[in-house]
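In what follows, a structure is listed as structure tokens, so that the remarks can point back to it.
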Amino acid sequence: FFPSLFLGVGKTTLIQKVSQALKSSGVPIDGFYTQEVREGGRRTGFDVVTLSGNRGPLSRVSPSSDSSASRREYRVGQYVVDLVSFEQLVLPMLRNVS
């Protein structure tokens, strides 16, 4: 399995197009995807985007000078996860799954 084979092949675009087609056909859908955030040509994090159009920060690169000793941080590699944003956008959707 080579994850790098799947970089930049249009996964997010596919999700966006399929969800638009389903919505326009009257099919009720719900869900979310993550979208890369870039600044100055460099990836700085990811946003979580719901299929209903809401968006919020999912994670951002933590500045090396940022001290996390005073607060609890959730990290994945170089990224600090915005747990509050994720919970506000995604958890209500997951609670409504039947």
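The values are calculated or read from the model by the stated rules, or taken from the named source; none is laboratory data. What you see is a predicted model; the values in this text were computed from it and never measured. Glycine gets a Cβ as well: all are built from the backbone with ideal geometry, and neighbour counts include every protein chain shown. We work out accessible area using only protein heavy atoms, side chains counted, and drop any ligands, DNA or RNA first. Shrake-Rupley method; radii C 1.70, N 1.55, O 1.52, S 1.80 Å.
Computed extension gain for V9 through R75, at 0.36 nm per residue and net of the alpha carbon distance, reaches 21.1 nm.
Which whole-angstrom value gives the distance between the alpha carbon centres of region 44-64 and region 12-34? For region 44-64 versus region 12-34, the Cα centre distance is 19 Å. Of the whole protein surface, V49 contributes about 10 Å² of accessible area at a 1.4 Å probe radius. Here r is the Cβ-Cβ distance between N96 and K17 and R0 is 22 Å; the resulting FRET efficiency, rounded to 0.05, is 0.35.
What does the charge add up to near Q78, with Lys and Arg as +1, Asp and Glu as -1, over the other residues with Cβ less than 10 Å from its Cβ? Once all neighbours under 10 Å are counted, the net charge is +3.
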